[in-house]
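The values are calculated or read from the model by the stated rules, or taken from the named source; none is laboratory data. Please read these numbers as outputs of a predicted model, since none were measured by experiment. Don't worry about glycine lacking a Cβ; one is built from the backbone with ideal geometry, like all the others, and counts go over all protein chains shown. In case anyone asks, the SASA skips ligands and DNA or RNA and just uses the protein heavy atoms, side chains included. Shrake-Rupley method; radii C 1.70, N 1.55, O 1.52, S 1.80 Å.
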Amino acid sequence: MKRIWTLRAVPTIFALALVFLPSCRFSDPRTIAVIPQTTGFSLWEAEHAGAEAAALETGYRLYWNAPTREDDVEHQIQIVDRAVRDGDRGLILAPDQSLALITPVRRAIARGIHTVIVGSPLSIPPGKDLAYILNNDEETGRIVALRMGKILGGKGSVAIIGINPDVTAILVQVRAFESTLRQLLPGIHIIERRPRPYNAAEAVQVASEILEAHADLNAIWALTAVEAGGAFVALQTSHKAEQVKLVGCEQDLDLIAHVRGGQMDSVVIENTYQMGYQAVMLLAQEARGEPVALETKLEPTLVTRENVDAPEVQQQFSQRWNYRH
């Protein structure tokens, strides 16, 4: 018996379509999937703005999606695999973990999806269909060490919060920091090295424990915005903000406001705006058959109260898609 669709069935069909549409999208050869570590952080919103600015120039469409938490690696893998299944023109990924994302990225490359890794590198060499646009992590560690030397007068004790063994970029930064202290600032000693807290509340607790355990602590280096925010709250609560200097990383807008107001010494930021912009432009150049750089390193910037409102600094955490390059 032949099935006939009637008008009475239309509302039901439409309702079912609404249920399934959010979880799927149609393949488009002009789509680039951009997958940051997480959504909602200023660090990656700047990348989003840079990628959208380049997409406007090149005519590409972006599919922007990521986990809501940096530690939700499984969700990030699922989003990468979806981009592979949908046959997107390109993939721009800031991996949550250096090891777990290797296999999904290899699957993308095997399907011929041109891939650009930003943020933290993977242990896959660049080559056909794979390029890197990264922060100069060695320079980040060196900048922080030299800043500590300046604000502490070459002597004192430092705690490091947020060491994550699953993120190569973090480990490189810490090694460069330690190396610079040994070579140039032997009077500064690291008295605490703490792993990455799971959330903001735990970051406050970890910083508070360090402050209580070390009355002679002179400075804290917080490796991400979460740890920096927790350390800031702990310092304000304990009334030690004048005694213990705080240097953070990542262009979180709250941290930038603390630097501008003088409640926090400084923040070292990655140029994620340019990461997003250059990654889309690279994929566009590759599509035209033009030669592209397989590895690019962007220099980090030390943001202090003196330069926080400089145009070249403001551009690095801009969320304007139409920013002129």
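Data for the structure
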| quantity | calculated |
| --- | --- |
| 3J(HN,Hα) from dihedral phi, the stretch 249-264, Karplus parametrisation 6.51/-1.76/1.60, rounded to Hz, x for glycine, proline | 9, 5, 7, 6, 5, 5, 5, 4, 5, 5, 5, 4, x, x, 7, 9 |
| Using θ = phi - 60° and Karplus 6.51 cos²θ - 1.76 cosθ + 1.60, couplings along the stretch 110-121 (whole Hz; Gly, Pro as x) | 4, 8, x, 8, 5, 10, 10, 9, 10, x, 10, x |
| Amide proton proximity set for Leu130, modelled H, under 5 Å, gap of 5+ | Thr115 |
| Sequence-distant residues sharing a close amide H with Val268 (under 5 Å, placed H) | Gly248, Cys249, Glu250, Val303 |
| Portion, in percent, of the accessible area of the chain that falls on carbon or sulfur, probe 1.4 Å | 55 percent |
| Shape category assigned to the stretch 130-232 from the gyration tensor of Cα positions, a/c cut at 1.5 | oblate |
| Cα gyration tensor category, rounded, prolate or oblate, for the stretch 36-83 with a/c compared to 1.5 | oblate |
| Hz values of 3J(HN,Hα) by residue in the stretch 191-206 - Karplus curve (6.51, -1.76, 1.60), Gly and Pro given as x | 9, 8, 10, 10, x, 5, x, 6, 7, 5, 5, 5, 5, 5, 5, 4 |
| Amide H within-cut-off set for Ile190, under 5 Å, with H built and near neighbours excluded | Val158 |
| Arg30-Ala257 pseudo-label distance in nm [points 7 Å out on the Cα-to-Cβ vector] | 3.9 nm |
| Candidates Thr115, Thr272, Thr180: whichever shows maximal mean-square fluctuation once the chain is modelled as a Gaussian network with Cα springs under 10 Å | Thr180 |
| In range of the label at Asp216: residues from the stretch 239-254 whose backbone nitrogen is under 20 Å from the point 7 Å along Cα→Cβ | 240-246 |
| Rounded if a/c under 1.5, otherwise prolate or oblate - the stretch 87-182, Cα gyration tensor axes | prolate |
| Mean residue ellipticity (222 nm) of the chain, computed from DSSP H runs ≥ 4 via -39,500 (n - 2.57), nearest 500 | -13500 deg cm²/dmol |
| Per residue accessible area in Å² of the stretch 63-110, where ligands, DNA and RNA are left out and the probe is 1.4 Å | 41 Å² |
| Mean separation of Cα contacts under 8 Å, 6 or more apart, over the residue count of the chain: relative contact order % | 20 percent |
| Filter on Lys128/Lys297; Lys150/Lys245; Lys155/Lys297 - keep pairs with C-alpha separation over 21 Å | Lys155/Lys297 |
| Sequence-separation-based contact order of the stretch 24-95, relative, with Cα cut under 8 Å and 6+ spacing, percent | 53 percent |
